[in-house]
Structures are given as C-alpha cells and as structure tokens.
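Comments concern the structure below.
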Amino acid sequence: MNGTEFTLESFSDDLGPAKVVHLYDPSCGLRAIVVIDNVACGPSIGGVRMATDVSTQEVFRLARAMTMKNAAAGLAHGGGKSGILADPKHCDKQRLIRAFAKTIRNLSEYIPGPDMGTDETCMAWIQDEIGRAVGLPRVLGGIPLDEIGATGFGLSACAEVATEFCGLKLDGATIAIEGFGNVGRHAARYLAQKGAVLVAASDTGGTIYDPSGIDVEELTRVKQQSGSVTAYGRGHKLSNQEIFTQPCDIIIPAARPDCIHQDNVGNIKAKLILQGANIPATPEAERVLHERGILNVPDFICNAGGVICAAVEYHGGSEKDAFEVIQEKIARNSHAVLTRAHREEIQPRKAAVELARQRVKSAMEFRAET
Ligand code: NAD
C-alpha cells in the first residue's frame, strides 16, 4: 500500500463508498473493517479478508474493485469488502468469525464471501449466525467456489481470449503463478488442461522454478503435505520476489496487493499478466507494463469467476450453471475490454473501468434520492 491514510475527503467520489464501518468487540479481540462501496446494482457481495495488516484503505480499494467487478460481470450486485485484523493461522478463528457475523447482522446490504484467510467453513459459521453468506459448503446447498476453483477456472477462460491479443498460443505457453493458493493452484490446473506449462510457482516460503515444466497435481500434493511449494523435488528454489523476473509467457499474481511495483516491473519478461489477485500491481507499474507492450488484464475482469459463482449460488443455480456462466461472462467481458483497449490504444484497466462505470452510473439513475 502507498501509506496514505484513508479519509472520506480523499477517497470518496461519485460512486461511493456508501458506508465505512469499523468494528470492535473487546470480549474476543475482534477488530474489523467493512466497506460497502456502491449498491446501485443490488446488495453488495465481497469477501472477508483475514490478515494482521489489513487497512481501511486496502478494504476500500478492494470494495471498489468489487463494485467494478460485479458491474463488469453484469451481476445484480454492488461492491463491498471486509477485513478482520488477525492471523488466520494463529487465532480462535471460529470465535472471531462468529463475533464478526453478529456485528454485521444489520448491515444487510453486505453479503460476505470467502477471501484470503477465510474459506467455506467460515462462511458456514456466518450463515449459521445471520443466514447471509455466499461460498457455502456443498452440504449447506452452496457451490464451494474455492473447492471447485471458480476463480482459477475464470482465469483460464480469460487466458483463452487474452492470448489471442498478444500473439501467444495457450497450448504450450509457459506460466508463472505467484501464490499457489485457492486461486493460483486451480488456475494452474485449468490452464494445464488447455496445454499451458507451469514453470514457476510461489508461496510465502519462496519460489520453485523449473523451465522443463512442473507437474501441477504433484505440486499441489507437495504443498498440501509440506506447507510450501519449495518442497517440490525438482527445479530451482528462489526467493518469492524472484518469480516475477523468471522467463515465461504468462504471469498470474495470485497473492497480495501491489506485488508488481516500480522496482520489479522493468524486469518482467512475460507477454501477458492475468491479475488473479485483487490489485496486485501499483498504478505506476500498470503504466510501465502498458508502455512495455505487456498485456495486463485487470483483476476485476479476469478474476471474477469466484463472485460470478457466488452470485449463481445466491440465486439458486447449480455448479454446472456456475461453470457455464463464468465461461460465458468472462470470455465476453475479456473480449469487449481488450478489443476496446486495443482499438483506442489505452490500458485494459481504463477500458474496463469505463465499461463498469457506465453500468453502475446507469443503475444509479434508477435509485431514489435519499
Ligand atoms: P489463499 O490464502 O488460498 O492463497 C494465497 C497464497 O498466496 C498462499 O499460498 C500464500 O502462501 C501465498 N502468498 C501470500 N503472500 C505471498 C507472497 N508475498 N509471495 C508469494 N506467495 C504469497 O488466497 P486465495 O483465495 O487464493 O486468494 C489470493 C488472491 O486472490 C487474493 O488477492 C484474493 O483477494 C484474490 N481473489 C480470490 C478469489 C477467490 O475465489 N478465492 C477471487 C478473486 C480474487
């Protein structure tokens, strides 16, 4: 993050945020932030992030990304997000999540879903408390979006379209995935099914790089058993920063914000970036990528698979429906955005923001003044 403190004066604009709520429950140590950015298209859907360092500014930026993502995907939902300040691996998670659920009971225009540090089980606890959550386990009638890899599947749908815009063939393209978690490993799996070759993957423990190709199923097993991709038997072990500068065709950042920045953007060798994580590149880095002719598909276009799946679940659709809707919406929106960016010689993010903004503004015209 750039360190600027969040204030409404400096961050609010014609779209939002509608609500910024700080939550504190001293009985269990809950400290959390909820930002409901815009609800013109419908009640906001957005993930619950659990991390020790999540800030109001980060939650606001993520909520705005959800407004853009949900509008760009043509969903009947606005954008929101929340953050719980805790270490997901070292806390009484159930207690914190249940306390969080109770405190958002009356924020009915916010529908929580899973995000970094939370999962289907957490959503089941929230559902149990307040009857309002998406990304639920199958046994509760949900479509477990992380288990089926909805976002990773959407990234592969986007890759099929985006490769055509940068002279790559997906079959045989080499891929590096920063953050081999729910998004990253499923993206690797679906892309491998289309003939792409994983050559690098990272997590908090570091990077594994093997130009001859990494077996995705084996890497998934290794990570599950040992906790890190670096325990993979072959290839070179590198620091987690080095993943961005290895030779490959496609990079998928799928971990934290701002990991592509002014200090590493100049050394990126890939032709295509698919933003699996939310806001993984700084605005300055995105400008440099554009100048260098590296196609950079923005987060809210290519990582919308999870929220599309959540919306299908919320409206009673099946898992099969979810895959069909993700494929159709992401392919269509990617094509629309990249065609416009190419025609007008603008950054894909600018084209995508214009498309999403147009939809939100049109929806706002139907709202009564308060
Ligand atoms: P996750 O917790 O399952 O996985 C994150 C992975 O990133 C982990 O393997 C972790 O070790 C790794 N990681 C963390 N910091 C790292 C670093 N500095 N360098 C390298 N690896 C690092 O989380 P997730 O659900 O896969 O989400 C990842 C990102 O994708 C987040 O930005 C999230 O907001 C975004 N996202 C997730 C979904 C979804 O469906 N889960 C949908 C859209 C966007």
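What follows draws every value from the coordinates through simple rules; no lab data is involved. All figures in this text were calculated on a predicted structure; none of them were measured in a lab. Every residue, glycine as well, gets a Cβ built from its backbone with ideal geometry; the counts of neighbours run over all protein chains shown.
For the listed residue pairs 223/271; 19/320; 19/194, the alpha carbons are over 31 angstrom apart in 19/320; 19/194. Each of 270, 327, 314 was placed along the dipole of the stretch 249-370 (beta-carbon charges, centred on the mean Cα), and the one lying farthest toward the positive end is 270.
For the stretch 179-222, the equivalent ellipsoid built from the Cα gyration tensor has semi-axes of 15, 12, 9 Å, listed from largest to smallest. Calculated [222 nm] ellipticity per residue, helices only, for the chain: -12500 deg cm²/dmol; basis is -39500 (n - 2.57) per DSSP H run with n ≥ 4, divided by all residues, nearest 500. Each residue of the stretch 26-43 was assigned a 3J(HN,Hα) from its phi angle through the Karplus expression (A = 6.51, B = -1.76, C = 1.60, θ = phi - 60°), giving x, 5, 10, x, 5, 10, 8, 10, 10, 10, 9, 7, 8, 10, 5, 7, x, x Hz with x at Gly and Pro.
Dipole orientation for the stretch 159-241: of the candidates 241, 226, 168, 226 has the Cα lying most toward the positive pole (charges on Cβ; Lys, Arg +1; Asp, Glu -1).
Which of rounded, prolate, oblate describes the stretch 174-278, given a ≥ b ≥ c as roots of the alpha-carbon gyration tensor eigenvalues and a/c under 1.5 marking rounded, otherwise prolate only if a/b is larger than b/c? It is rounded, given that a/c, with a ≥ b ≥ c, falls under 1.5. Rounded to the nearest 20, the size of the Cβ-charge dipole of the stretch 214-298 about its Cα centre is 160 debye, with Lys and Arg at +1 and Asp and Glu at -1. Run the paramagnetic zone check for residue 139: 7 angstrom along Cα to Cβ, then residues of the stretch 81-107 with backbone nitrogen under 20 Å. From the stretch 81-107, the list is 93-95, 97-98. Take every DSSP beta bridge whose two residues both sit in the stretch 1-149; close to 55 percent of them are antiparallel. Using R0 = 45 Å, the C-beta based FRET efficiency linking residue 25 and residue 171 works out to 0.30. Applying 0.36 nm per residue to the separation of residue 108 and residue 358 and subtracting their alpha-carbon distance, the gain on full extension is 87.5 nm. Subtracting the Cα-Cα distance of residue 284 and residue 237 from 0.36 nm times their residue separation leaves 14.0 nm of extension gain.
Any idea what diffusion coefficient the chain gets from Stokes-Einstein, in µm²/s, Kirkwood Rh on alpha carbon pairs, 10 °C, 1.306 mPa s? Intermediate results must be reported in sequence, preceding the final value.
Values: Rh = 20.5 Å.
For these conditions, the coefficient is 77 µm²/s.
Shown for the chain: cysteine residues without a partner Cβ closer than 4.7 Å, namely 28, 41, 91, 122, 166, 248, 259, 309. Stretching the chain fully between residue 89 and residue 128 yields a gain of 11.8 nm (0.36 nm per residue, less the alpha carbon separation). Placing +1 on the Cβ of every Lys and Arg and -1 on the Cβ of every Asp and Glu, with nothing else charged, gives the chain a dipole about its Cα centre of roughly 200 debye.
Based on the inverse mean of 1/r over its pairs of different Cα atoms, what is the Kirkwood hydrodynamic radius of the stretch 9-112, in Å? Walk me through the numbers before you get to the answer.
Numbers: mean 1/r = 0.0731 Å⁻¹.
Computed over Cα pairs of the stretch 9-112, the Kirkwood hydrodynamic radius comes out at 13.7 Å.
Counting only DSSP beta bridges with both residues in the chain, the antiparallel share comes to about 45 percent. Anyone know which of 117, 135, 316 comes out most mobile in the 10 Å Cα GNM of the chain? Checking each option, the largest mean-square fluctuation is seen for 316.
Among rounded, prolate and oblate, which fits the stretch 289-370 when a ≥ b ≥ c are the square roots of the eigenvalues of its C-alpha gyration tensor, a/c under 1.5 means rounded, and a/b larger than b/c means prolate? It is oblate, given that a/c is not under 1.5 and a/b is not larger than b/c.
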